[in-house]
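Read through the structure below, which is laid out as structure tokens, and then see the notes.
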Amino acid sequence: MTRQEPIKLNINWNGSECAITRGQVEKMRGKWIDARYSSKDVPKCQCSICGKKYIGLETDFCQYCGAPMTDKAVDILWKRLEAMHNAD
């Protein structure tokens with residue numbers, strides 16, 4: 001499936017099909033913001049989508065809102081959507 005080909009999933013509230021493109025999935029991507037107050041502080045990350053802060057290393061997905069934060073996470077999400085589409 002190419003980047004331009006939409007995946008049609010039955011996800012609308014009224015049961016109609018909704019086409020999702022990879023570009024739309026990539027627009028969901030957030031980024032990690034360094035939330036340390038000084039260089040000696042413990043590493044803290046802040047999600048650009050939900051604004052939650054947590055102590056630890058950056059991960060592929062935000063632990064609070066589930067937003068994809070890396071290219072790898074966007075690929076994982078796209079593969080999950082393709083699997084849902086092909087399951088029908």
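The values are calculated or read from the model by the stated rules, or taken from the named source; none is laboratory data. Note that this is a predicted model, so its numbers are computed, not measured. Because the Cβ atoms are built from the backbone with ideal geometry, glycine has one as well, and the counts that use them run over all protein chains shown.
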Residue within segment 26-36 that is in contact with a Leu (Cβ under 9 Å, 6 or more places away or on another chain), modelled with pLDDT of 85 or more, under 16 Å from Leu77 (Cβ atoms) and among the hydrophobic types (A, V, I, L, M, F, W, C) present: yes
Qualifying residue in segment 60-73 (condition: assigned to a loop (DSSP other than H, G, I, E, B) and modelled with pLDDT under 85): no
